[in-house]
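Worksheet: the structure to be examined is printed underneath.
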Amino acid sequence: MKSLNNLKIGYLPCSYLVDRPDDRRRFYYFAKEDQIKFELFDSKSKYDLVVLTQNSDIGLLPSLKENNTKVVYDCIDSYISDELSFKGRLRGLAKFLNRDTKKLYLNYAKTLRRKLSEFDAIICASEEQRLKLLDYSNNVHAIPDMLNDGHIETKRNYDTALDIKIVWEGLGTNAFHLRILKKVLHSLSNKYNLELHLVTDPFYFKHMNRFNRRSTLDEVQDICNEVFLHKWEKDTFSKIIIDCDLAIIPLNNKNALAFGKPENKLISLWKMGMPVITTNTDSYKRVMKEAKIDLHCNDEADWVRNINSLIESKDLRQKVAKRGLEYSEEHYSKDVVLGRWRQLFSSLI
């Protein structure tokens, strides 16, 4: 990628500390690994190429194009499909009040769909997203996050104790998805001593990442007899996860944004050697089918059956964990991810 360093590149990150996962695991990671020079975007400067994230002001596009700047847009969430939900309807207003955009877009999803064709390239994080985005652009690249790029622990012991430990990992704002399993976990608690372990933020803001502070534990305390919260920290999160027996990724099927998410979280857990049960989103079904694993759930009965099967069989836990680990190492390795980024920029130069 020597030719990239002949260009002046601007990057408008999700956080100007460049410390959010959306930054660390995506363009920032690629630039660091391939030693690509860039600077944080300054509207007063001119660039040959600019990489915008979902937190960027899409209103910047006209002025950038006037300067003949190549513009890449990284849209890892399915904002274009999230038009009717409560958050989707208010996204344009929230971005305006949060000063992410200078202009108020009352229908953010519709505005974004209209602007997508103007970008020189679009990045997403799954094949399902790529196929949808091809309706708006002929230069779309599915690039997964570079997951677990630091030191992580890998599960080796698949024995269970008297207490069965089920783990969920994610942002506090997404813990509400666990509520779809309230009946499931209470039902299974009649048969097993279940513990639900959360690896997440102790507190989160319900609105615009700054208003209505909530306790994550209070939101989900009643969904299982025993619930434990562990603060997510880079040096300890994987150790906590692999000390549990199985992992879950439930998603509320009424949430369009969640159902459009890529497979990143599943791949991350597979890389730790965890047996994982998920909701049956398109991305989870696809990678599980390719990995020859059948642990995605359509309803509560599926969740009960799959959790019960993993608890009852050490051989099954080991088998699906091994398949997931091998699949993630083959299809989501460092070389694969960096290769996708190189293909993207080759399409522009």
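The values are calculated or read from the model by the stated rules, or taken from the named source; none is laboratory data. This one's a predicted model, so the numbers in the text were calculated from it and none came from an experiment. Neighbour counts are summed over all protein chains in view; Cβ atoms, including those assigned to glycine, are modelled from backbone coordinates with ideal geometry. Only protein heavy atoms, including side chains, enter the accessible area calculation; ligands, DNA and RNA are left aside. Shrake-Rupley method; radii C 1.70, N 1.55, O 1.52, S 1.80 Å.
For the cross-link pairs Lys132/Lys322; Lys87/Lys231; Lys206/Lys322; Lys46/Lys265; Lys95/Lys132, which exceed 30 Å when the distance is taken from alpha carbon to alpha carbon? Pairs exceeding 30 Å: Lys132/Lys322; Lys206/Lys322; Lys46/Lys265.
Can you list the residues of segment 105-131 with backbone N under 18 Å from a point 7 Å past the Cα of Ser63, pointing along Cα to Cβ? Counting backbone N atoms under 18 Å from the label point, the list is 105, 119.
3J(HN,Hα) along segment 234-245, derived from phi through the Karplus expression 6.51 cos²θ - 1.76 cosθ + 1.60 where θ = phi - 60°, amounts to 4, 7, 10, 4, 6, 5, 5, 5, 6, 6, 8, 8 Hz, with x in place of Gly and Pro.
Counted over segment 193-282 with a bin width of 5 Å, the fraction of Cα pairs per bin, in whole percents, is 3, 11, 18, 21, 25, 17, 4, 0. The alpha carbons of the chain give a radius of gyration and a Dmax of 20.9, 66 Å, in that order. Note on the chain: GNM, Cα springs under 10 Å; of Arg26, Arg323, Arg114, the largest mean-square fluctuation is that of Arg114. When the charge dipole of segment 37-116 is built from unit charges on Cβ atoms (+1 for Lys and Arg, -1 for Asp and Glu) and taken about the Cα centre, the candidate among Leu40, Ile80, Asn107 whose Cα reaches farthest toward its positive end is Asn107.
DSSP bridge analysis restricted to segment 149-233 gives an antiparallel fraction near 25%, rounded to the nearest 5. Quick one: helix 86-97 against the long Cα principal axis of the chain, what's the angle to the nearest 10°, folded into 0 to 90? Once rounded, the angle reads 40 degrees. The alpha-carbon of Lys110 sits under 13 angstrom from the alpha-carbons of these aspartates and glutamates, leaving out residues fewer than 8 places away in its chain: Asp82, Glu83. In the chain, the longest principal axis of the Cα atoms and the axis of helix 300-312 are about 60 degrees apart.
Per-peptide packing, taken as the mean over residues of other Cβ atoms within 10 Å, places 153-164, 258-269, 54-65 in the sequence 258-269, 54-65, 153-164 from highest down.
Net charge of the neighbourhood of Ile166, taken over other residues with C-beta under 9 Å away and scored Lys/Arg +1, Asp/Glu -1, is -1. Accessible surface for the chain, divided over its residues, is 49 Å² per residue with a 1.4 Å probe. Nearest 5 is fine: what % of DSSP beta bridges in the chain come out antiparallel, could you say? Bridges in the chain are about 10 percent antiparallel.
Of all DSSP bridge pairs formed entirely within segment 1-111, close to 0 percent run antiparallel. Working note: Karplus 6.51/-1.76/1.60 with θ = phi - 60° gives segment 327-334 the couplings 5, 5, 5, 7, 9, 9, 6, 4 Hz, where Gly and Pro are set to x.
Within 10 Å, Cβ to Cβ, of Glu195, how many net charges do the neighbouring residues add up to if Lys/Arg are +1 and Asp/Glu are -1? Here the charged neighbours net out to -2.
Ranked by the mean number of other Cβ atoms within 10 Å per residue, highest first, peptides 270-283, 121-134 order as 270-283, 121-134. In the neighborhood of Val304, defined by Cβ-to-Cβ distances under 14 Å, what is the net charge if each Lys or Arg adds +1 and each Asp or Glu adds -1? It works out to a net charge of 0.
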